[in-house]
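Right, I'll just put the structure down here and ask away after.
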Amino acid sequence: MSQDDSQESQDSTMTVMQEDRHEVLYFAYGSNLSTEQMRQRCPSSTPVGLAYLRGWRWFINGRGYANVAQLGDSDDEVEGKGKGKGKGKAKEEREEGVYGLLYLLPPQDEERLDGYEGVPWAYQKFQVDVKWARKNSSDEEEEEEDAYEDEDEEPLRALIYVDGERVEEGPPREEYVDRMEKGIEDGVENWGLDEEYADKLSSSSSSSSSSSSSPITHRHSSSRSFPAIFARGGTSNGLVIDRRSLPPESEWHTVLPSAMGSPDPYGRQLDGMGSGISSTSKIVILGPPATRDDVDVDFTFVQAGIRDAVLDMAGNCGNMSSLVGPMAFDTGMAKNAPVEVDEQGDNWATVRFLNTNTNKLMLSRFKVAGEPLRYCHEGDYVMDGVPGTASQITMSFVDPAGAKTGKALPTGNPVDELQLPDGSTVRASLVDVGNPGVFVSTESLGLGDHMALTPAVVEADAALKARLEAIRRAGASRMGLDPQTESVPKIVLLFPSSGSADIDIRCLALSMGQAHKAVPLTLALCLGAASQLPGTIAADLIAGEAKSTVTIGHPSGTVDIGTVIKDGKIESAQLLRTAKVLMTGDVRESQYSSHCTVSCPVPNSDSHPHAALAHPYYPLNLHMPGFVPNETPVVQLLPVFSIVIGSVVGIALRLSFTSKLALRPIDHFAAAWFAMCKLAPNATCIVETITTLAWGPLSLLTVRGIVFNARSRHVTQVIVCVAHLYGVALYYLTNWVEGRLYGVVYSRPEFLYYWVYYVGFNAPWVVVPAVLLWDSWGQIDKAFSVLEEKDKREKKDP
């Protein structure tokens, strides 16, 4: 069946897709290209045709499975915006996209597929815009190439599974190679998958695992320094770095966290330039324009984790954006920026720059003075939250709507009902202008005295913070964003101005899980725009009044947001900031292995690209301070472990079988069991304190009691068996509760891991203790019965 032949069925299903709201389109790009595999996984799913996702790349990730990642210069694809294509560019653009097979997926199959894909730990769910893959046979010059998208065709919104945690390439798993090949073959033979693209996938999915076994060479293997500027932007501060002074972006995790003093389990960042709060753990990276000729500089914003070393580049920071223009001008990156003279004779420069996080154009207008001209900090503008006065910087966000989702209202609704894990619902406005935000009113949360709601009050209320995080995650999922990403979207509490004539609306925002002492600037921009969108919670709080400038009250003062809306479209938004260079110099950074002793092996960066995730345990984002991986090969560990286990169990069995007492078969088994499950771990390694100090010695006493028929045998046996059952119950119940409340999954979905290890290996710690507990109960009951009979006989024969 050719791609042309399949087009009729593709077009004919469009009505079904639109009418049946219970089904979703699913974009399969890996082994689920195989319709046979999908029939087994999702029996009610229906394949409908080949589609193309532009601006993404396909690769095998560190887990050994297919994954896709958005290209840095193609963020607008997620936003659902197309770019024009000319002849001669087809092959180039084909390399910047992913083919996939679209399936019509009913709810029950979507739930089944979530399980197969390991949501949320292995893959996360997103919504992307795709278009039908077609072949243009009318133009001989283009007949050899696939025309990936019809520019006049509306994009299709499709579900996609993406692993946002493991974005480093790795070798494929052996079992996955065969499944991937079947999917590729199915795509080529039945759905018109481009053969050149198929060859590329086949080559990637069958590459030898030896390619990743070579030693990792770290470009920054020892302490070094790089030039940086430490500066304040708005109510935030952080580092400003020239991209050319850094290694490639894939290696930033080896440099930037340590420069900020992360990870710091104490949350203070004493070893770096951060100061322990989200608004001062930020980095601005400037570089020459990479994709556009109409900008002076490219700007990437990086939010550095504090207790972990995660680098979050999901969104932009408006406060730190105010540094881009002045710093680019002073360092010569924006040497062609125009300079105007105002009526007072002051010089004002305007720098155009592209924020690569959101792929949005921004303008910065600021005062310059001196010879040669440089940014002039001195001025009379007062900004709340910052002491003193300074010259104002006018920030203009061009076409700010849909920074991450493609729409100002990602769901199309001014207000959505969000379902929370505890079963309750809350009304929220989900808005994406500048940066996505989840806006809820304090009234809907039962917070009556909103004027007394301060960052300190919120920080002290753990239950409130947990509920707000649950709302934020629910809003992220509804917007098609990754709920695991802390920085996007942010959640904002809204309440009325309480009669203040100078304030239109008040807010309190949370950023990276912390109550913000002012307001993130892009979030203020988002709120200002939201207040002008009819029907939103923000618009209701200002009584639907149309205003060109909205004054927002926050814990440290106010901020004015100007919004230009024409014909219902947000054309631009403006706000005022100040900035100041605090110092210039070199930042010293060192490799993360410097936290370990010299003899510690460096974690394999292919498997663990971020220092905060440098362990193989689940959940992968668990921070383990001081973790040192045991990289002893399995071929060395297994013999040692087997010898120790065999020796200990063998000694226990020999003692039980050579005992002078007539022991039952269950007694021999019990001696071997207690020796194996407690003595062996203590002989090989200290697993946990309670094992070493309590269950290990009690197991030893139990084995001795079995061999010598000690009176304490069943007492210690009952204690240890109850401890076994309690430990297993605590383990599984904790997993179940955290899975339901927070989406944390402690197991992997592979058959061997889930059924053999997670279920099979843990099952004996339920079954055997239950059997031995029953035996002890019977023996203790029998002993008491004997005592009762003896007592009766003594009473009859005094």
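Can you work out ³J(HN,Hα) from phi for every residue in segment 242-248, in order, using Karplus 6.51 cos²θ - 1.76 cosθ + 1.60 and θ = phi - 60°, giving whole Hz and x for Gly and Pro?
With the stated coefficients, segment 242-248 comes to 6, 3, 6, 8, 10, x, x Hz.
Loop-only GluC sites (Glu not before Pro) in segment 338-379, please: DSSP not H, G, I, E or B, and at most 13 other Cβ atoms within 10 Å.
Answer by residue number: Glu343, Glu378.
Evaluate the relative contact order of segment 248-332 (contact order divided by residue number), counting alpha-carbon pairs under 8 angstrom at least 6 apart; express in whole percent.
Relative CO of segment 248-332 lands at 26 percent.
Mind scanning Lys407/Lys580; Lys404/Lys547; Lys335/Lys360; Lys125/Lys360 and naming the pairs with a C-alpha gap bigger than 32 Å?
Pairs exceeding the cut-off: Lys407/Lys580.
Additional query: In segment 460-546, which GluC sites (Glu not before Pro) are in a loop and have at most 14 other Cβ atoms within 10 Å, using DSSP for the loop call?
Glu545
Next up: Using the number of other C-beta atoms within 10 angstrom as an exposure proxy, rank Asp194, Asp781 with the fewest first.
Asp781, Asp194
Fewest first, what order do Leu772, Leu661 take by the number of other Cβ atoms within 10 Å?
Leu661, Leu772
List the residues whose amide H sits under 5 Å from the amide H of Leu71, counting only those 5 or more places along or on another chain, with H placed 1.01 Å from N in the peptide plane.
Trp56, Arg57
Oh, and also: Apply the Karplus curve 6.51 cos²θ - 1.76 cosθ + 1.60, θ = phi - 60°, to the phi angles in segment 659-665 and return the couplings in whole Hz, x for Gly and Pro.
Whole-Hz 3J(HN,Hα) from phi for segment 659-665: 5, 6, 8, 7, 8, 7, x.
Read-outs throughout are calculated quantities, based only on the coordinates presented, and are distinct from any laboratory measurement. None of these values were measured; they are calculated from a predicted model. Cβ atoms come from the backbone with ideal geometry, glycine included; neighbour counts cover every protein chain shown.
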